[in-house]
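The values are calculated or read from the model by the stated rules, or taken from the named source; none is laboratory data. All values derive from a computational prediction rather than experimental measurement. Cβ atoms come from the backbone with ideal geometry, glycine included; neighbour counts cover every protein chain shown. Remember, those area values only see protein heavy atoms, side chains included, never the ligands or the DNA or RNA. Shrake-Rupley method; radii C 1.70, N 1.55, O 1.52, S 1.80 Å.
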Amino acid sequence: MDSTPRFPLPRPVRRAVLSAHVCASVGWLGLSLCLLTLALNALGSGTGSAAVSYPAMKLLVDWVLFPLALLSWASGLVLALGTHWGLARHRWVWVKFWATSAALVASALAFRAGVNEAYHAVRAGEPVNGVDLVFPPAVSLSLYVFLAVVSVLKPWGLTARGRRHQRARAARRTAPTRRKAPVG
């Protein structure tokens, strides 16, 4: 096995998927910053700000968060499978994939439920423990900045699978080729 992908993407497709991946990932990072800002605003400014911040958070979480997260995850998976990086050849790709998968699940399930609960509590005039809604976007923002840095630096080298691929490729290059004897 060599470093060519099993399902190679043609250059225009790879560029389009890469562009979609970068835009979705940066959008997800920016959305986390917005959600953190709204959560901090609701936490520190009293009920009037909470009455504005939590509905805005609900709108962003319900309509923007999951599509951006899913597009970032799916385009990253397509790029991993369709380029020489591979999904399990380089540690940085492997870390990004699993961290993004965990963030996608946490965003879709846990954080969304918390925002919906806060939204309904504010609408009913009940108090909200806003601290619970500050930590998820703060953690996700930190994670996405970390993943962006990892994408640029590409640290940690090859996985065990990647090293096997590399050794097999080197062995094929150095192995003597057997020539057929001339017929005749």
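Taking segment 97-154 as the range and being open to solvent by less than 40 Å² (accessible area, probe 1.4 Å) and either charged (D, E, K, R) or touching a Cys at 6+ places or on another chain (Cβ under 9 Å) (or both) as the test, only Pro137 passes. When His21 is tested against (1) touching a Leu at 6+ places or on another chain (Cβ under 8 Å); (2) open to solvent by less than 50 Å² (accessible area, probe 1.4 Å); (3) farther than 22 Å from Thr4 by Cα; (4) not aliphatic (A, V, I, L, M), just one condition goes unmet, and that condition is (3). The set of residues in segment 52-84 being in contact (Cβ under 8 Å) with a residue 60 or more places away in the chain and out of contact with any Cys (no Cβ under 9 Å at 6 or more places or on another chain) consists of Tyr54, Pro55, Lys58, Val78, Leu79, Leu81, Gly82, Thr83, His84. Would you mind stating whether Ser107 is of a type outside the set (Phe, Trp, Tyr), touching a residue at least 24 places away in the same chain (Cβ under 8 Å), under 19 Å from Phe146 (Cα atoms) and in contact with a His (Cβ under 7 Å, 6 or more places away or on another chain)? Considered against the rule, which asks whether it is of a type outside the set (Phe, Trp, Tyr), touching a residue at least 24 places away in the same chain (Cβ under 8 Å), under 19 Å from Phe146 (Cα atoms) and in contact with a His (Cβ under 7 Å, 6 or more places away or on another chain), Ser107 comes out as no. The single residue among Val78, Val52 that is of a type outside the set (S, T, N, Q), out of contact with any strand residue (DSSP E or B) (no Cβ under 9 Å at 6 or more places or on another chain) and either open to solvent by less than 30 Å² (accessible area, probe 1.4 Å) or closer than 30 Å to Ala118 by Cβ (or both) turns out to be Val52.
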